[in-house]
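Each remark here refers to the structure printed beneath this line.
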Amino acid sequence: MSLQFIFGNSGSGKSHYLYQQIVEESIRHPEKNYLVLVPEQFTMQTQKDLCMAHPRGGIMNIDVLSFGRLAHRVFEETGKERQPILDDEGKNLVLRKIAGNYEDELTVLKGNLKKQGYISEVKSVISEFTQYGIDFEQLDSFMEGLNSESYLYYKLKDIRKVYEGFEDYLRDKYITKEELLDVLSQTVPEAKMLKDSVIAMDGFTGFTPVQNRLIGELLKVCDKIMLTVEIDRREDPFVYKHPYQLFALSKQMVTSLTEVAQEVRVEIDEPVWLCKNPSYRFKENPEMAFLEEELFRYSRRKYSGEKMRSISLHEVHTPQEEAQYVAEEIRRLVREEGYRYREIAVIASDLSTYADALEKACDRYEIPVFMDHKKSILLNSFVEYVRSLLGMIQENFTYESVFRYLRSGYCEFTEDEIDRLENYCLALGIKGYKKWQQAWARKTKEADEEEVEKLNHLRVKFVEKINPLMFVSRQKKKTVLDITLAVYEFIAGEHLQEKLEQQQKFFAEQGELTLAKEYEQIYRIVMELFDKFSELLGDEPITLKEYCELLDAGFEEAKVGVIPPSIDQVVIGDVERTRMKDIRALFFVGANDVLLPGNAGTGGILSERDREKFKEKDISLSPGPKEKIYIQKFYLYTALTKPTELLSLSWSKVSGEGKSLRPAYLIQELRRLFPNLSVVDEENRKLSDREITRRGGIEKVAKGI
């Protein structure tokens, strides 16, 4: 039983070395279990890499898992009964349910707990405490050392009260995602699949105390754990002094795991150092090799080469034009230089600012893309249908709410019928449920007697559908379960599941694979949300207005994630989440001072000063704003050193709201490292240098005329 680290800087071949070791050992010992643990979003890519690395093209005794999937596998094998897992939406609902019970006992949180944004903040703090293993005993002893009149004391007293209520409510009913690993730690000794197995860990930048505890349990039963760590060869990975350094995450991970290994009395093997200079990835690219070696190191060295071929800086007017430049350049690389789409990636400093613009620009240039982010379901047409249905009843059938619902795309009326109804309602100012219940008799310029009769048929059809829902909504005493059941029965009666299946097939036939995957999941996501409402808040009395707010909050929390639907496409993602593999060109967009380092200063309920007090007592919490800046530098270093051939960084002069912007500190750092690196102003590019598609050409001609 042992622990081994594989050290190396970016591009040194750590993953390649680890996978080769695992494949070779798995062939030599077919009776043994080999588990490769990677972050959740990286499992599919790792399975593919291992199959490619295996001489027989398949893996029989190697499993690729994330921590969550490992837990499910172990529970399945041991037959351990476990409660259902409560996700973020569920936590918000539970906190909302218990908020009322404590309203009078709270000081700081009083009056705020029913507000949705505030509940999310409280949920974050409770999740953080669970994740970092802070129990009530630890919290109490910490509070004893505080001044009982201080604001932090009152804050923690309130949080502790809600935290306790939250735990009491969940006891024997649910476990949270954070507690899942604690339950797994207790089950590890019973799992046969883990006994004498070899575990390889790749792609992790750090572990929480709960994950460290789990690794300690795994070290007791496994034959060996191997782990890749990204660190400079000039650093000592076993010495961690403070979090304000580039490789602080890696050093913290190594030192904490070394302590864990010593506690469980497991030996630490001689580490493997992969430190060629230049790195394996940049052996033919001196510019990128220099960038990898010197970025954020402040050594005063400068690149001596005169002509810059691999790294370029681009200034563009707006984020939309920035996206346009990236799409043009991707098309040029594919068309003129023989690149494949899968060899190109785009990283945005803030994906919410750039996602739409990049998607539209790539669509204009016929570039297949995969957006690597969990998408909010609020903009999905089915979700809009459910929201508009309840909104119409809540607003008592105003003109806007009725036609928002009718035009949602799922009502059994044709476009022509909706247009005729709308013209009639506008002409006579029809609004309110009573007006829709009464027979329409008045004629207008466009509607003669025969037309009014046809419109009445449509009105009756519409009112008959809505009536059962109206009956429930008008009850004085109604619960969350009453409204949820009524909405569910309405949706089932309208055969929405079948309509969504047809839509999914339509998107699949059109080649819109990402949308097809989204529409395949959306009905299940909405039904699961309704299940949670019924289960967690079922008997709670509620008004329709509160129910609509609750539903919106649930939809805001819910996200739909899809795996890449095809192989050859450009990946668009963000700095922290996205994992890229074998890319030749990288475009980094949004290198502006407002986006880098971004809003690291927002600390939630616990401020930076509060976190420092926890630190003084050796209680670890998630990083504060100051530490996050260094963590962001580490993620920037790993992202910018991913491409083998080309790196392009761009920023806008003006934001989407028209405010002027400046380039980020990162640009100054690059210009210091590479004195001959000049900025290209994309506004001065000639038409002859631009990429033009058939559609773009027609637009240019039209503008010219």
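The values are calculated or read from the model by the stated rules, or taken from the named source; none is laboratory data. Not measured: the values here are computed from a predicted model. Virtual Cβ from ideal backbone geometry, glycine too; neighbours counted across all protein chains shown. We work out accessible area using only protein heavy atoms, side chains counted, and drop any ligands, DNA or RNA first. Shrake-Rupley method; radii C 1.70, N 1.55, O 1.52, S 1.80 Å.
Structure above, values below:
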{"item": "Criterion: open to solvent by 10 Å² or more (accessible area, probe 1.4 Å), outside any loop (DSSP other than H, G, I, E, B) and touching a helix residue (DSSP H, G or I) at 6+ places or on another chain (Cβ under 8 Å) - qualifying residue of GLU451, GLU446", "result": "GLU451"}
{"item": "Among (1) modelled with pLDDT under 85; (2) of a type in the set (Asp, Glu); (3) open to solvent by 70 Å² or more (accessible area, probe 1.4 Å), the one test that GLU89 misses", "result": "(3)"}
{"item": "Breaking point among (1) without any contact (Cβ under 8 Å) to a residue 40 or more places away in the chain; (2) open to solvent by less than 70 Å² (accessible area, probe 1.4 Å), for LYS505", "result": "(2)"}
{"item": "Qualifying residue in region 238-251 (condition: basic (Lys, Arg), buried (at least 20 other Cβ atoms within 10 Å of the Cβ) and not in a loop (DSSP other than H, G, I, E, B))", "result": "yes"}
{"item": "Residue match in region 97-112 (condition: of a type in the set (Ser, Thr, Tyr) and either more than 20 Å from LEU170 (Cα to Cα) or part of a loop (DSSP other than H, G, I, E, B) (or both))", "result": "yes"}
{"item": "Selection within region 560-571 - at pLDDT below 85 and either in a loop (DSSP other than H, G, I, E, B) or out of contact with any strand residue (DSSP E or B) (no Cβ under 8 Å at 6 or more places or on another chain) (or both)", "result": "GLY561, VAL562, ILE563, PRO564, PRO565, SER566, ILE567"}
{"item": "Lone qualifier among GLU489, GLU464 - being under 46 Å from the mean Cα position of the chain (by Cα), in a helix (DSSP H, G or I) and closer than 23 Å to GLU528 by Cα", "result": "GLU489"}
{"item": "Residue within region 377-392 that is touching a Gly at 6+ places or on another chain (Cβ under 9 Å), crowded, with 18+ Cβ neighbours inside 10 Å and in a loop (DSSP other than H, G, I, E, B) present", "result": "no"}
{"item": "Filter result (modelled with pLDDT of 90 or more and either touching a Ser or Thr at 6+ places or on another chain (Cβ under 7 Å) or among the basic types (Lys, Arg) (or both)) within region 287-300", "result": "GLU287, MET288, ALA289, LEU291, GLU292"}
{"item": "Filter result (of a type in the set (A, V, I, L, M, F, W, C) and in contact (Cβ under 8 Å) with a residue 24 or more places away in the chain) within region 279-317", "result": "PHE282, MET288, PHE290, LEU291, LEU295, PHE296, MET308, ILE311, LEU313, VAL316"}
{"item": "Residue in region 542-559 that is free of Cβ contacts under 8 Å to residues at least 40 places away in the same chain and in a helix (DSSP H, G or I) present", "result": "yes"}
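Each row is one residue, and each column tells you yes or no for (1) more than 29 Å from the chain's Cα centre (by Cα); (2) among the acidic types (Asp, Glu); (3) at pLDDT below 90; (4) not in a helix (DSSP H, G or I).
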position: ILE119; (1), (2), (3), (4): no, no, yes, no
position: VAL122; (1), (2), (3), (4): no, no, yes, no
position: GLU128; (1), (2), (3), (4): no, yes, yes, no
position: VAL162; (1), (2), (3), (4): no, no, yes, no
position: ASP172; (1), (2), (3), (4): yes, yes, yes, yes
position: PHE204; (1), (2), (3), (4): no, no, no, yes
position: ARG213; (1), (2), (3), (4): no, no, no, no
